[in-house]
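A.B. asks: First, the structure itself, so that you have it in front of you.
The values are calculated or read from the model by the stated rules, or taken from the named source; none is laboratory data. All of these numbers come straight from a predicted model, not from anything done at the bench. Glycine also receives a Cβ, built like all others from the backbone with ideal geometry; neighbour counts cover every protein chain displayed.
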Amino acid sequence: MNKTRKIALIAALAALPLSACVTNPETGKKSISKTAIGGIGGALGGYLLGDLVGGKRDRTEKIVGAGIGAIAGAGVGYYMDQQEKKLREQTAGTGVNVIRDGDNLVLDMPSDVTFPVNSYSVQPEFRQTLVNLAGTLREYEKTYVDVLGHTDSTGSDAYNQTLSVNRAQSVAQILTGNGVQNARVATQGYGESQPKASNTTEEGRAANRRVEIRLVPVTEG
């Protein structure tokens, strides 16, 4: 993240009132409310989500061509709420983090549970998790599915870029191989360009080695 975006994120979070925090009735943990997150999303320029891979117009044409419907505006929140609930139940204990940003979802999958070091072959024990996720994505088909690969800064830029692309494609292939329609899915590798932690520590590098599945609702209009 560049310096300007980082400053914007810190300032936006610091400005949130205490009332913006909510308590999860199941876990007892506090978090920023969906409304508050949605309110700062525009200022951050898509900190979590950014633009759809391949462009929204082209992706929408493919989805329409595949016969997938859209969600009416008033029903988007409920649709994504139900999908989020199912995904949280499904990923409990797997190491996958489900992140909510307005009406969008990100599944953050650290590489220590998804891939061996310097490999893009999905760990056998994690493959079933992806198969289960594919089932939920089939059930909630009115979403774009972006699979995004990231690495730490160890190794050359070219190597990291290729590894991130291959890892994203490996995850996407399991999803589409288990019934998620190709028209919904796009992949992109970011190499080491989008760290979410410092690369100066092993803990930070481990956090940066990840694949994310980004779910964005297909809405009418």
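A.B. asks: Those residues that are of a type outside the set (S, T, N, Q) and either outside the structural domain of Gly204 (by TED's automatic domain parsing) or part of a helix (DSSP H, G or I) (or both), I need them from region 84-110; list them, please. Lay out the reasoning, then the answer.
C.D. replies: Restricting attention to region 84-110, the residues satisfying the condition of being of a type outside the set (S, T, N, Q) are 84-89, 92-93, 95-96, 98-103, 105-110.
Listed by number, the residues that qualify are Glu84, Lys85, Lys86, Leu87, Arg88, Glu89.
A.B. asks: Still on this structure: Which residues, taken from region 150-167, are polar (S, T, N, Q), surrounded by fewer than 24 Cβ atoms within 10 Å (Cβ to Cβ) and not in a loop (DSSP other than H, G, I, E, B)?
C.D. replies: Within region 150-167, the first condition is being polar (S, T, N, Q), and the residues that meet it are 151, 153-154, 156, 160-162, 164, 166.
Those still in the list that are surrounded by fewer than 24 Cβ atoms within 10 Å (Cβ to Cβ) too: 153-154, 156, 160-162, 166.
Asn160, Gln161, Thr162, Asn166, listed by residue number.
A.B. asks: Something else about it: Among the aliphatic types (A, V, I, L, M), in the same structural domain as Gln82 (by TED's automatic domain parsing) and crowded, with 19+ Cβ neighbours inside 10 Å: which single residue out of Val147, Val131, Val117, Val113 fits that description?
C.D. replies: Val147
A.B. asks: Go through region 44-70 and report how many residues are on the phi > 0 side of the Ramachandran plot and either at pLDDT 90 or above or charged (D, E, K, R) (or both).
C.D. replies: 1
A.B. asks: Being touching a residue at least 40 places away in the same chain (Cβ under 8 Å) and more than 25 Å from Asn199 (Cβ to Cβ) is true for just one of Glu139, Glu89. Which residue is that?
C.D. replies: Every option except Glu139 fails the conditions.
A.B. asks: Ok, one more. So which of Ala168, Ala172, Ala197, Ala186 is over 17 Å from Thr114 (Cα atoms), of a type outside the set (Val, Ile, Thr), assigned by TED's automatic domain parsing to the domain that holds Gln83 and touching a strand residue (DSSP E or B) at 6+ places or on another chain (Cβ under 7 Å)?
C.D. replies: Every option except Ala186 fails the conditions.
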